[in-house]
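Since the structure comes first, as structure tokens, the remarks are kept for the end.
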Amino acid sequence: MTAAAPEPKANMGHPVPRYDAAAKVTGRATYASDMPLDNPAYAFLVTSAIAKGRIDGFGLDDAKAVRGVIDIVTHENAPKLKESKLFSNGGYAGTTIQPLKSADIAHDGQIIAVVIAETYEAAREAANRVKVSYTAVEPSSSFDSPGTTTAAAKGQNAQFKEDPEAGDFAKAFDQAEVKLTASYATPTQHHNPMELFTTSCAWMGDNLVIYEGSQYVYGLKNGVAEQLGIDADKVRVVNPYVGGGFGSRGSMTPRTAIIAGIAKRLNRPIKLVPTRDQGFTIATYRAETRHEIRLGAGRDGKLMALRHEGAEVSSRPDAYCVGGTKTTTRLYACPNVSSLVSIVRADRNTPGFMRSPPEVPYLFALESAMDELAVKLNMDPVELRRINDTTVEPIGGKPYTSRSLMACFDEAAKTFGWSQRSPQPKSMSDGDWLVGYGCAATCYPTQMAPSAARVRLQRDGRTRVEIAGHEIGTGAYTVIAQTASERLGVPLEKVAVFMGDSDLPPAPVAGGSNSTASTCSAVMMVCDQIRQRLFKAVMPGDSLADKAKETVGISQTPSTQAAKSDRPLDIEKAFDALGVGVVEEYGEWKPEGAPLDSFKAMHSGHARLIGGPEMKDKIAYAFGAEFVEVRVNRFTHEIRCPRLVGAFAAGRIMNPRTARSQLMGGLIWGMSSALLEATEIDERNARYVNDNLADYLVPVNADVPNVEVILLSEQDEQINPAGVKGLGELANVGTNAAICNAIYHATGQRIRKLPVRLENIEV
Amino acid sequence: MRPFSYQRATDPDMAVQALGAATAANNPLTQAAAQPLAGGTTLIDLMKLDVMRPAALVDISPLASGWSAIESKADGLRLGALAKMSDVAAHAEIQRNYPVIANSLNLAASAQLRNMATLGGNVMQRTRCSYFRDVSYENCNKRSPGSGCAAMDGVNRMHAVLGTSDQCIAAYPGDFAQALIALDAMVEITGRSGMRTMPFADLHKAPGKTPDIETTLQPGELISAFSIPGRWPRSLYLKARDRQSYEFALSSAAVALDVQDGTIRDARVALGGVATVPWRAREAEMLLKGQKFDDGLAQRVADAAFADAKGRQHNSFKIALGKRVVARALQQAVTMEVRS
Ligand SMILES: Cc1cc2nc3c(=O)[nH]c(=O)nc-3n(C[C@H](O)[C@H](O)[C@H](O)COP(=O)(O)OP(=O)(O)OC[C@H]3O[C@@H](n4cnc5c(N)ncnc54)[C@H](O)[C@@H]3O)c2cc1C
């Protein structure tokens, strides 16, 4: 075992290497734009240089004169497409702003023309030569701009049903011995996955194949079919590997149907590779947020009153919001709670999911406030969390299925050396550097969604698993292969997994950290169907279902006492008895409490995630605790984070290697979000300024010299058959607050607005 | 990107002929039809962004055989313009006798870029102003003279506070040039009529009324070498930036001192990240000469260095930051161990 492959503890699988490791490091893994096309034409986008107004006209002569240009598609000659509703309103789209429909411009960098040419270079050159004349209208860029409108999220966003509340906040806050009121803010951020937002479309008669990095092939397939007005069965989306998603590929962007429509008209495959800066405006982003937190507590640290008000920016037509109060109002024991989320509409593209969409901004506010409260109480921040730890959430009184928050705090504190911290701010230093320690809780809802799978077992043990899941870099191939291997008792090397293709059995969106829980639960169920068939063949009449359940593996040693009385199944004998060469099973799994129409929705590309606070009589979250060391230079005020330690508990850990990698990536992302990442908006014109990877800063290796992940053992039988709580979005939640809390400890200065830059420090 | 012709220069003569051929269409240099290509790490980026649209590239990398030598002698240092940043930074004698040069190169860009990039290309790199680099913004006096400046009242956190004009506030982004200007380097220029040398300090031009003219180099001229008189073992480069590596300076200082028996005999201070051109703080230096060092003096020097600084909405912090960087760099230079 190595640091990268931690020793499994109880209820953890083996840290087997990634199924796709060799393919990836040797470059054999094919991403969407690597897919060969037969005689493709190339598309290049022209995007708007204003955020609001209209196009008066195009000057296309120069562009058309470029050798190899085939066509220039604008709103005047674009294929007609049907509208798709926003995903949260029963549609598939991440934005209802449909480009190329009219001369109107609704946001910066909106697609206004598509140049089609024989080569990428010609298309790009011609795009550079397209001239556009606009009538610009002064846009509202963000919170403080004139012309925005603000309204409560409740009532305008179908997925935000309630502002959680309990008891009597006003009274309790009024009477509290210790009070805190503080405001926090988080910036605009962009996912910037390595893989660009490419799309290739190829028609074979009436059938369309789309190669596109997607976190939801069924959603994209159905959405594009809807926009083109064709049967969804005629559309296939293929992407065996996705070069990072982080939420940006969860819902359909307008580009796909546009490219499909042009390819149809041209009767030729088209490949679109947009640039990095276009990626800032043709897909979604994390919108900026603002928060006010009020905490009232007794001198003993017990929370008596909590109010969380959040405001989020969205586009003019779409009421997107993340509404993280559903988590922050339930995290700690507190009898009197109120909350309010509102949406501020500006002239921007519609925001969308970005890794831990609600929890990142909302927990930054709450976990910063908890630290501020600890300071007011003169109490260790870890102890304040312990005092307010709970097994029952305060809003609906529902029990957590399992909750290892304090165990995580204790483990991480020990490894980090929290006891070495001298509590006084500005009391620790090392040469030119002021040193600060900080911590915060992290959590993420445990979610599941209906999923199907097909598994085929051959006589020699070779196994094929088919499921339209997504390998977005998390290790999905690996854990699905492990699941089938363990369940069927076949060696891992004999398992082949096929994913990223909408012709395979449907799986949910790879979002909300539900994938492992959902797909592995489905694969387990289908493997059990195979085992039952085999058992029936050799032992007709017995109480076979039980035996199949208890005997782990087909030709391997049984694990339970009851099963040990039987010999393990002889796979060859079973195949002979069945008289077949291959056993294949298909099955559809749905989580407990899933609505009746779940499977229908699954096939039509509507992901119905269940879990977190929205379960019937329980509530399920994964938890963790994060500790960071921050150093602030006395002279330059540069802020560095030389050490990050996180301890996490998330039910069954399928593979400690891939789990660690996700959590480590999360901690790094969290540090990046606290200190580096922000998309700058030019307020005068509502345009993004630093839309490239040189100016939109993300950490380099030198920024994260020491990141330690501790996996805690946890067992939870109430969530899903796999016993898995998602962890892909768990680690980047608490880091923002942990870092600001550490900066306070280092400098005595409380910073409530992200990201923290050296000019914000006054030592 | 737009189509361009590509030619490899096999000798300096051919290079300057090819570059000077279309002289009429060649002014100013930044918009010249023919551009020399060295490591390409600035030029190719700007071509992809459609900011630079040369019709011809003359690849000068084959000249490296004659133009990349590193010669360290008792009376000074000579660096070929095609020497790679990484090779110069790793050179033992430069690390010992000119730490400010080695530091300024090592703290720049990334290892991959330093392996590609040349010294000549480095000093000629162009501003990172986001409005300059994005042609969808119409207002950029540097790109299209007379069109205005989007940065002036835009997002200008990275922009200059020294040497600005009402036409342009774009910062000169490089690090190495501060070391050169501090050490009174000379630049050797090869042109069609032979070779000339001039002080490196005369190479770059502050924006004034013509931000599109960035240097005094003429079309058809190439930088062939830099030379630095004397040795400066007591010198260093301090760079403050958002990331620990791979990031341009928010503020930096190249300082070099000659201290004898506690008295400063000679002092050099140059500033990076805060000015429109490589910036020598000559008046500030004067305060140091003949003095004994203390923190109060460092503070006065720092104040003098930024006496004329003008901040704008997002970059005013650079004035206070720049002062602390200068003061700290001086303190470090005074106390650094120097092997003789
Ligand atoms: C992401 C990123 C981060 C960076 N960070 C830093 C940093 O922190 N600090 C820093 O200092 N730099 C930084 N750089 C800039 C980098 O150092 C320069 O791009 C590089 O030094 C340029 O050298 P080159 O040989 O590649 O030049 P080229 O790109 O080939 O040329 C640059 C310009 O100089 C001209 N030119 C080249 N050679 C000569 C010559 N001999 N005579 C006359 N003209 C010539 C070219 O025509 C061109 O206009 C960064 C660059 C990138 C892309």
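Computed from the coordinates by the stated procedures, all read-outs in this text should not be read as laboratory data. Everything numeric in this text was worked out from a predicted model, so none of it was measured. We place every Cβ from the backbone using ideal geometry, glycine too, and count neighbours over all the protein chains shown.
Numbers for the structure displayed
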quantity	calculated
Translational diffusion of region A:683-763, µm² s⁻¹ [Kirkwood Rh, Cα pairs; Stokes-Einstein; 37 °C; 0.692 mPa s]	194 µm²/s
Dipole moment magnitude, nearest 20 debye, region A:202-332 about Cα centre, only Lys, Arg, Asp, Glu C-beta charged	180 debye
Estimated FRET transfer efficiency when R0 is 51 angstrom, pair A:Met204-A:Lys131 (beta carbons, to 0.05)	0.85
Among beta bridges that DSSP assigns inside the protein assembly as shown, antiparallel share in %, nearest 5	75 percent
Of all DSSP beta bridges in region B:5-62, antiparallel share, percent nearest 5	0 percent
Sequence-separation-based contact order of region B:224-317, relative, with Cα cut under 8 Å and 6+ spacing, percent	18 percent
Relative contact order (%) - criterion: Cα under 8 Å, at least six apart; region: chain B	18 percent
Number of Lys pairs (Cα under 17 Å; 8 or more positions apart or on different chains) in region B:235-335	4
Protection proxy ranking, peptides A:96-105, A:1-10, A:724-733, average beta carbon neighbours within 10 Å, highest first	A:724-733, A:96-105, A:1-10
Hits among lysines - C-alpha to C-alpha of A:Lys302 under 23 Å, sequence gap 8 or more where chains match	A:Lys171, A:Lys179, A:Lys326, A:Lys376, A:Lys398
Antiparallel bridges, percent of DSSP beta bridges restricted to chain B (to nearest 5)	80 percent
Neighbour net charge for A:Asp277 - beta-carbon separation under 9 angstrom, K R +1, D E -1	-1
Which listed pairs, of A:Lys494/A:Lys573; A:Lys101/A:Lys264; A:Lys221/A:Lys536; A:Lys9/A:Lys426, have C-alpha distances above 27 Å, in listed order	A:Lys221/A:Lys536; A:Lys9/A:Lys426
Separation in nanometres of the label points that stand 7 Å from Cα toward Cβ, at A:Lys179 and B:Gln7	7.9 nm
Compactness index (Cα Rg / 2.2 N^0.38 Å), region B:48-147	1.34
Label point distance in nm, B:Ala55-A:Glu76, each placed 7 Å from Cα along Cα→Cβ	3.0 nm
Region A:568-656: relative contact order as a whole-number percent, Cα under 8 Å and 6+ apart	17 percent
Residue (of A:Ile50, A:Val224, A:Val495) at the positive-pole extreme of the protein assembly as shown, dipole from beta-carbon charges	A:Ile50
Under 11 Å, Cβ to Cβ, from B:Ser136 - net charge with Lys/Arg +1 and Asp/Glu -1	-4
Three principal axis lengths of region A:6-86 [C-alpha, angstrom, descending]	66, 34, 25
Set of aspartates and glutamates with alpha-carbon distance to A:Lys616 below 20 Å, sequence-local pairs under 8 removed	A:Glu162, A:Asp163, A:Glu165, A:Glu393, A:Glu592, A:Asp597, A:Asp716, A:Glu717
Rounded if a/c under 1.5, otherwise prolate or oblate - region A:370-528, Cα gyration tensor axes	prolate
C-alpha long axis of helix B:295-305 to longest principal axis of chain B, angle in °	30 degrees
Taking all pairs of distinct alpha-carbon atoms in region B:235-335, Kirkwood radius in angstrom	13.6 Å
Axial C-alpha extent at least 20 Å, average Kyte-Doolittle at least 0.0 - helices from chain A (DSSP)	A:359-377, A:515-538, A:656-675
Whole-number D in µm²/s for region A:460-545 (Stokes-Einstein; Kirkwood sum over Cα pairs; 37 °C, 0.692 mPa s)	241 µm²/s
Neighbourhood charge, 14 Å Cβ-Cβ cut-off, centred on B:Ile60 and excluding it, Lys, Arg +1 and Asp, Glu -1	-2
Cα gyration tensor category, rounded, prolate or oblate, for region B:151-233 with a/c compared to 1.5	oblate
Those aspartates and glutamates that a straight Cα-Cα span of less than 12 Å connects to A:Lys600, excepting residues fewer than 8 apart in one chain	A:Glu588
Rg over Rh [alpha-carbon atoms, Kirkwood Rh] for region B:5-62	0.95
Protection proxy ranking of A:291-299, A:470-478 - average other beta-carbon atoms within 10 Å, highest first	A:470-478, A:291-299
Magnitude of the charge dipole, the protein assembly as shown, Cβ model with Lys/Arg +1 and Asp/Glu -1, debye to 20	300 debye
B:Lys209 versus A:Glu7: modelled label distance in nm, points set 7 Å from Cα along the beta carbon direction	7.7 nm
Chain A: calculated mean residue ellipticity at 222 nm from DSSP helix runs of at least 4, using -39500 (n - 2.57)	-7500 deg cm²/dmol
Karplus 3J(HN,Hα) series, Hz, for region B:209-226 with 6.51 cos²θ - 1.76 cosθ + 1.60 (x for Gly, Pro)	8, 10, x, 6, 9, 9, 9, 8, 5, 9, x, x, 10, 10, 7, 9, 6, 10
Chain A shape via C-alpha gyration tensor axes, a/c threshold 1.5	oblate
